[in-house]
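Everything on this sheet refers to the single structure shown next.
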Amino acid sequence: MPSLVQRAMSFPPLRSVARGASNWVDLQWSFMIDQLKEVAPLARGALLDVGCGEKPYEWIFAPYVTSYLGIEHEGTFGETHASVAAQAGKPDLYYDGAKLPFADESFDTVLNVQVLEHTPEPQRLLHEIARVLRPGGTLILCAPFSFRLHEEPHDYFRYTPHGLRAMCGASGLRVDEVRSQGGLWSVLGHKLNSYLAFRVAVLDAVAQAMGKLGHEGERRRSPRYWTMPVVLPAMGAISASARLLDRFAPDGTETLSYLVIARKMVASASAA
Ligand SMILES: C[S@@+](CC[C@H](N)C(=O)[O-])C[C@H]1O[C@@H](n2cnc3c(N)ncnc32)[C@H](O)[C@@H]1O
């Protein structure tokens, strides 16, 4: 039986206000969307979103590309809430997670957002991505450095910029840029807010009702309403403080995630 707040989320104006506030408080989401908007003009031609989930970034990239195709690993996607509730969009294609069902050099741009930690063979996925990219084509990839366990049991790795460069290089991809998504204070703030949201206020089913946490299995627990007058303002204050502290006392040895821009090297096309 859906809770009162879950039912309220089926009312579009309320969902939109709640989702907007939640997106700002969710530092990882907020930084990633901002960065994807910044780099979207690098995308062109035919774009493949590998591990697209609900295709939540299509609206950002669509103005810059001629086609946008989203593909998902059938097995892992089938275990997520997004597979039954997709509110943003559905994958266009499914595959077995091993070999992308496309000819070599089929795409100008590949997007791969928060997927590399979910495959037990990340180098193999990067090889496949490099194979389907045209020479000179662009990979836009996001992978977490510090993030709680999620989408279990399909959560295998975390990444450093050096590891991402080495792995891209091994697949014939030259890294042009690595950007961090927040610093120490955002990591601390995000972890504290996750604890408050999911452990104290038990907001995971509400988050799914507003279109978040789609990558997790279905959540059914009712929220703890009595915690909300304290927890919700505290989360807003934590998020605002983390943003300010990251700006005025930066520590780049910690971050939530990295965004990588890489290009397929022309000479190494056959090595991939
Ligand atoms: C955390 S979700 C991210 C989904 C989407 N990219 C987003 O940012 O909302 C990770 C996704 O990776 C998919 N995945 C796992 N292994 C994969 C593989 N080998 N190829 C493509 N997708 C994969 C999962 O099914 C899941 O939907």
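Every number here is computed from the coordinates shown, using simple stated rules; none is lab data. Bear in mind that the values here come from a model prediction, so they are computed numbers and not experimental data. Note: ideal-geometry Cβ built from the backbone for every residue, glycine included; neighbour counts use all protein chains shown.
Label-point separation (nm) for ASP34 and ALA237, each offset 7 Å from Cα along Cα-to-Cβ?
Spacing of the two 7 Å Cα→Cβ label points: 2.2 nm.
Which of rounded, prolate or oblate describes the chain when judged by the alpha-carbon gyration tensor and an a/c cut-off of 1.5?
Prolate, because a/c is 1.5 or more and a/b exceeds b/c.
Taking neighbour counts of Cβ atoms within 10 Å as a proxy for exposure, in what order, fewest first, do MET265, MET167 appear?
MET265, MET167
Which order results if ILE33, ILE140, ILE238 are arranged by neighbouring Cβ count within 10 Å, fewest first?
ILE33, ILE238, ILE140
Taking chymotrypsin sites (Phe, Trp or Tyr not before Pro) as candidate sites, keep only those in a DSSP loop with at most 14 other Cβ atoms within 10 Å, then name the longest stretch of the chain containing none of them.
Working: sites that count: TYR156, PHE157.
No qualifying site falls inside 1-155, the longest such stretch.
Name the residues whose placed amide hydrogens come within less than 5 Å of the amide hydrogen of TYR94, ignoring near sequence neighbours (fewer than 5 apart) on the same chain.
GLU72
Return the sequence-ordered ³J(HN,Hα) values of the range 254-267 in whole Hz as given by the Karplus equation 6.51 cos²θ - 1.76 cosθ + 1.60 applied to θ = phi - 60°, using x for Gly and Pro.
Those phi angles translate into 10, 7, 7, 8, 10, 10, 10, 10, 9, 10, 6, 6, 5, 5 Hz.
Tell me which aspartates and glutamates have Cα within less than 14 Å of LYS191's Cα, excluding those fewer than 8 residues away on the same chain?
In chain and number order, the partners are ASP26, GLU254.
Calculate the spin-label point distance for ALA62 paired with ASP155, positioning each point 7 Å from the Cα along the beta-carbon direction, and give it in nanometres.
It is 3.1 nm.
Of PRO122, PRO229, PRO161, which has the largest mean-square fluctuation in a 10 Å C-alpha GNM of the chain?
Largest GNM mean-square fluctuation: PRO229.
How large is ³J(HN,Hα) for each residue in the range 135-147, as worked out from phi by the Karplus curve 6.51 cos²θ - 1.76 cosθ + 1.60 (θ = phi - 60°), to whole Hz, x for Gly and Pro?
x, x, x, 10, 9, 10, 10, 10, 9, x, 9, 9, 8
Compute the label zone of ASP251 within the range 171-205: residues whose backbone N is under 15 Å from the point 7 Å along Cα-to-Cβ.
The answer is 182-192.
Applying 1/(1 + (r/R0)^6) with R0 = 22 Å to the Cβ-Cβ distance of VAL84 and ARG165, what FRET efficiency is obtained, to the nearest 0.05?
With R0 = 22 Å, the Cβ-Cβ based efficiency is 0.05.
Skipping prolines and chain starts, which residues have an amide H placed within reach, meaning under 5 Å, of the one on GLY137, given they are 5 or more residues away or on another chain?
Long-range HN contacts for GLY137: LYS264.
Label the range 179-235 by shape, choosing from rounded, prolate and oblate, from the square roots a ≥ b ≥ c of the eigenvalues of the Cα gyration tensor; if a/c is under 1.5 it is rounded, and otherwise prolate applies when a/b is larger than b/c, oblate when it is not.
It is oblate, given that a/c is not under 1.5 and a/b is not larger than b/c.
When the chain is fully extended, how far beyond the present Cα-Cα distance does LEU4 get from TYR225, taking 0.36 nm per residue of separation?
Full extension from LEU4 to TYR225 adds 78.6 nm.
At 0.36 nm per residue, minus the direct Cα-Cα distance, what do LEU14 and LEU192 gain on full extension? Give it in nm, one decimal, please.
61.5 nm
Within the chain, which complete DSSP H helices have Cα atoms spanning at least 24 Å along the helix axis and a mean Kyte-Doolittle hydropathy of -1.0 or higher?
Helices meeting the criterion: 228-248.
Name the lysines eligible as straight-distance cross-link partners of LYS90: C-alpha to C-alpha under 27 Å, and not fewer than 8 places from it in the same chain.
List returned: LYS37, LYS55, LYS99, LYS212.
Helix-only mean residue ellipticity at 222 nm, the chain, DSSP H runs n ≥ 4 weighted -39,500 (n - 2.57), per residue, nearest 500. What is it?
Helices in the chain give a 222 nm mean residue ellipticity of -11000 deg cm²/dmol.
Considering only DSSP beta bridges with both partners in the chain, what is the antiparallel share in %, to the nearest 5?
45
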